[in-house]
Amino acid sequence: MTGAECLLRTLADNGVRVCFMNPGTSEMHLVAALDRIPQLRGILCLQEAVCAGAADGYARMTGFPAAALLHLGPGLGNALSNLHNARKARSPVVALVGEHATTHLRHDAPLSSDIAAFARTVSRHIVTVPGVDAIGAAAAEVIAGALGPPSGVGTLIIPADFSWSPSNFPLPRVPAAVRPAPEPSRLEQALKVLASDARAGFILGGSALADHGALAAAGRIADARGARFFGDRTAPRNRSGREDFWVRRVPYFPEDAGLALAGLTHLFFVEAQVPVSFFGYANTPASPVPEGCALSTLAAPGEDGPAALKMLADELPGSELRPRVLYAPPAVAADGPLTVDALGRTLAALLPAETIISDEMISSREPVLAHLLHAAPHDQLPVTGGSIGQGLPVAVGAAVACPARKVCALEADGSAMYSLQALWTMARENLDVVTIVFANRRYRILDIEMRRTGAAAAGPKADAMLALDRPELDFVRLAQGMGVRATRAVTAGEFAAQLRLAFAHSGPCLIEAML
Ligand SMILES: Cc1ncc(C[n+]2csc(CCOP(=O)(O)OP(=O)(O)O)c2C)c(N)n1
Ligand SMILES: [Mg+2]
């Protein structure tokens, strides 16, 4: 066996089943080894941002890493934007980055770069394979680093000569990652605060927003004590729909966030971080947390947040489970112009139960999410690190992870263009993804930010920097060119008809919603 085969076998023996890849010369032995390892599925992505986002989506749905194979520093560079989102999501990801042969490094060949420097910006753990004898151990170390806890991106840098050299070394097993339960003293403190007249709030992140039982516990605590619950904006996945206790994410704009948190005297964090405004503005506070509000950790990132919430609810007097008032299922929007509101209403009415939504709706997000509260139960995968171009890649990874579930990518048009190549992978792997493009032909959110920042541009040159017309993007033909069925909806009626068809069939398709 070659070093490359030893490496991939170590991944496969430790449960890694998928490698999203975009290889080059330095990774040829890793590619060749694929055919000797039946447990490992190679999935070609046509840009590294797709590999990284797909591995992130896979991790958000399984809690376990996929690998992303990238070509030297430049390939890793292309992946950084989505590895950044994966870092914020605390997704376990194993990034495999090829490096020149050790004998070639001193020549500063064209593709030479400081790979470790790129990797440091996104990785929790970085290992450069020190020799062919250590390649299995290095792979195992990176898997363990990715799993944590806390989990994150682990990067393995693999010199080509260690890939091609013979290797026979044992394939170490990585012990299962165990998340510690929170300390009893933190629960006691929370119980004391909830028994007092403090106005308590909770910020939930990590696994706490994705876990049905954790949300039920949150609902009990809210009912019993009027505690308010919010979602961390970096949380990787959250339940939504008419059957779960709804936890609203801390709002995007600082004024809204300040209003949401106003009046709280004590905030508890469950696998979450202290909320902060997305951007600093001249006259707005950076933190929406009210002045003087006490901050306490109930479960730190990497600890078992759902267990903490369930234990707290169980100990809290008067917090027995009460039947929730369920929203009525929504009705499809009446025919008329296709607005964001009509789109959201129809989507909520037709959404199949247990759909996975990859949410990159940007300025259309809030009205659609409000409708989705009434939809059948589903999971949402939001943008965690503010770096756009993750929606379609994350949908690829979620569809690979959960082939029995429908995936729906809700994509703003500008964001879709960053990593549109993901459509080709959806077609090639026949992934069951319905993509809806919100074609407003602008970087709409930046119109708002232009006003907010006080830049207030009115000139045609500035306006052209936010406009996506001239030429008009044609998502139907773009999708068809990559093998994805596509249609265009101009009216609410057309959208409803096309969405019904899309949900009734399996395999990838795209609807360009003209807003
Ligand atoms: C990698 C990256 N580049 C640029 C930005 C800045 N940015 C934020 S939103 C946005 C445009 C959003 O336009 P679109 O996706 O069409 O959504 P809309 O605002 O129209 O709803 C840009 C360029 C970013 N967040 N991330
Ligand atoms: Mg747009």
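Read-outs: derived from the displayed coordinates by stated rules, not from any lab. On a predicted model such as this, the values are computed, not experimentally measured, just so you know. Using ideal geometry, Cβ is built from the backbone for each residue, glycine included, and neighbour counts are taken over all protein chains shown.
Taking the alpha-carbon distance from LYS192 and a cut-off under 13 Å, which aspartates and glutamates remain once sequence neighbours fewer than 8 residues away in the same chain are dropped?
Straight-line reach from LYS192, under 13 Å: GLU315.
Fewest Cβ neighbours within 10 Å first, please rank GLU99, GLU449, GLU411 accordingly.
On the way: GLU99 26, GLU449 17, GLU411 30.
The fewest-first ordering by Cβ neighbours comes to GLU449, GLU99, GLU411.
Using a Cα-Cα cut-off of under 13 Å, which aspartates and glutamates could be cross-linked to LYS461, ignoring same-chain neighbours fewer than 8 residues away?
Here the aspartates and glutamates satisfying the reach criterion relative to LYS461 do not exist.
With an 8 Å Cα cut-off and a minimum separation of 6 or more residues, compute the relative contact order for the range 70-201 in percent.
Normalised by residue count, the contact order of the range 70-201 is 28 percent.
Cα centroids of the range 179-210 and the range 211-273: how far apart, whole angstrom?
12 Å
How big is the chain in terms of Cα radius of gyration and Dmax, in angstroms?
So, for the chain, Rg and Dmax equal 23.6, 71 Å respectively.
Nearest 5 is fine: what % of DSSP beta bridges in the range 3-164 come out antiparallel, could you say? Working shown, then result.
Numbers: 0 of 23 bridges.
Counting DSSP beta bridges with both partners in the range 3-164, the antiparallel share is about 0 percent.
Of all DSSP beta bridges located in the chain, what percent are antiparallel, nearest 5? Provide the component values of the computation, followed by the final result.
Values: 6 of 71 bridges.
Bridges in the chain are about 10 percent antiparallel.
Classify the range 1-94 as rounded, prolate or oblate, taking a ≥ b ≥ c as the square roots of the eigenvalues of its Cα gyration tensor: rounded when a/c is under 1.5, otherwise prolate if a/b is larger than b/c and oblate if not.
Values: a/c = 2.17, a/b = 1.28, b/c = 1.69.
Since a/c reaches 1.5 but b/c is at least a/b, the shape of the range 1-94 is classed as oblate.
Remind me, relative contact order of the range 184-315 in percent, using alpha carbon pairs under 8 angstrom and six or more residues apart?
On the way: 251 pairs, mean separation 42.3, N = 132.
RCO, the range 184-315: 32 percent.
What's the ranking of 313-324, 184-195 by average number of surrounding C-beta atoms within 10 Å, highest first? Intermediate values should be presented prior to the final figure.
Values: 313-324: 13.0, 184-195: 15.5.
Going by the mean number of other Cβ atoms within 10 Å, highest first, we get 184-195, 313-324.
Find the relative contact order for the chain and round it to a whole percent, using C-alpha pairs within less than 8 Å whose residues are 6+ positions apart.
Contact order relative to length: 14 percent.
Using +1 at the Cβ of each Lys and Arg and -1 at the Cβ of each Asp and Glu in the chain, identify which of PHE202, TYR58, LEU83 lies farthest towards the dipole's positive end.
Checked the options; the winner is PHE202.
Place a point 7 Å from Cα of ALA262 in the direction of its Cβ. Which residues in the range 275-294 have their backbone N less than 17 Å from it?
Only 284-293 fall inside the zone, counting backbone N under 17 Å.
With a sphere of radius 10 Å drawn around the Cβ of GLY75, what net charge do the other residues whose Cβ falls strictly inside it have (Lys, Arg +1; Asp, Glu -1)?
Details: positive: none; negative: GLU27, GLU48.
Computed value for this residue: -2.
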